[in-house]
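Have a look at the structure below, then the notes.
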Amino acid sequence: MTMKGLLFDLDGTLVDTLEDIRAALNHVLGMCYARPIDEAECRAVVGHGLRKALRDALWYSGSAYPQDEFEILYSELVRFYGDHACVHSKIYDGIPSLLSAARDRGLKLGVLSNKADPLVQEIVSTLFPAGTFDFVHGLVEGEKPKPENNAIQGFIGLCNGQEGDVTIIGDSEVDWQTALRAGCRYIVVSYGYRTREELSKSGVDVIADTTGEVEDRLWK
């Protein structure tokens, strides 16, 4: 098999977005007069999209809120986060050189996230130079999130390859499951929002602790 493309998760893989996500969740929790979540709790709730993150954050905070008002809270979460998406977020060290090395090898580069598509587009366009990625896709209405997201087939087609020609790089068991279901190769990083121990317990068997280790696994 040849390598034709790298498909990255966004949060915890390319960009450290945790504090901006936490600020948005805590903004909504404040509307419910609930205690804010801490960093560890925020790490635990991310990975499955903002809707589930909000539900889990409300649970962690012990918030009692009317179920019929959840969509109002979610809309406010998306609004606030959209207005403050890149206050603290930053690209992880080593990512620019990794992307450059992949480009030099003629690989296609993509982003597939469970975050709402407008937010994904905003974060990528704000933090990365134009043209860095050939494919940027967040969750759109009516679409199933990773690991069931079929948008990956669009990236595979863009690469003019087969499933095994694409490597998915993420930071959670969700990304690992996505790769398994799609038949792609994978590398899961432990510098994001899941520890090596958590990943191993989930069954992940290809783990990189740094961006340098990602490159070693890709090129060597």
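Each value in this text was obtained by applying a stated rule to the coordinates, not by laboratory testing. What you see is a predicted model; the values in this text were computed from it and never measured. FYI the Cβ positions are ideal-geometry reconstructions off the backbone, even for glycines, and counts take in every protein chain you see.
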Quiz item: Between Val140 and Glu163, what is the label-to-label distance in nm when each label sits 7 Å out along the Cα-to-Cβ direction?
Solution: 2.3
Self-check item: Residue order, fewest to most surrounding Cβ atoms within 10 angstrom, among Tyr74, Tyr193
Solution: Tyr74, Tyr193
Quiz item: Under 15 Å from the Cα of Lys108, which aspartates and glutamates turn up, not counting those fewer than eight places away in the same chain?
Solution: Asp9, Asp134, Glu163, Asp165
Quiz item: Sequence-distant or interchain residues sharing an amide H contact under 5 Å with Tyr186, placed H: which?
Solution: Ile168
Self-check item: Cα-based shape type of the range 113-175, given that a ≥ b ≥ c are square roots of the gyration tensor eigenvalues and the cut on a/c is 1.5
Solution: oblate
Quiz item: What length, rounded to one decimal in nm, is gained on full extension from Ser63 through to Val206, with 0.36 nm per residue of separation minus their alpha-carbon distance?
Solution: 47.7 nm
Practice problem: Quote the Stokes-Einstein diffusion coefficient, in whole µm² s⁻¹, for the range 1-122, based on the Kirkwood radius over alpha carbon pairs, a temperature of 10 °C and a viscosity of 1.306 mPa s. | Solution: 102
Quiz item: Expressed as a rounded percentage, what relative contact order does the chain have, with Cα pairs under 8 Å and six or more residues apart?
Solution: 26
Quiz prompt | Subset of Lys4/Lys201; Lys52/Lys201; Lys144/Lys220 violating a 27 Å alpha-carbon distance limit | solution = Lys4/Lys201; Lys144/Lys220
Quiz item: Helix-derived [θ] at 222 nm for the chain: sum -39500 (n - 2.57) over DSSP H runs of at least 4, divide by residue count, nearest 500?
Solution: -13500 deg cm²/dmol
Quiz item: Bin by bin, in steps of 10 Å, what percent of the Cα pairs in the chain do you find, going until the bin that has the longest distance?
Solution: 8, 35, 36, 16, 4, 0
Quiz item: Near Thr2, within a Cβ-to-Cβ distance under 13 Å, what is the net charge of the other residues, with Lys and Arg +1 and Asp and Glu -1?
Solution: +2
Quiz item: Can you give the extra length, in nm with one decimal, that the chain gains between Arg181 and Cys86 once fully stretched, where that is 0.36 nm per residue apart less the Cα-Cα distance?
Solution: 31.0 nm
Quiz item: Using alpha-carbon pairs under 8 Å, 6+ residues apart, how would you state the relative contact order of the range 18-83 in percent?
Solution: 39
Practice problem: For the range 18-83, just say rounded, prolate or oblate: build the C-alpha gyration tensor, square-root its eigenvalues into a ≥ b ≥ c, call rounded for a/c under 1.5, and beyond that prolate if a/b exceeds b/c, oblate if not. | Solution: rounded
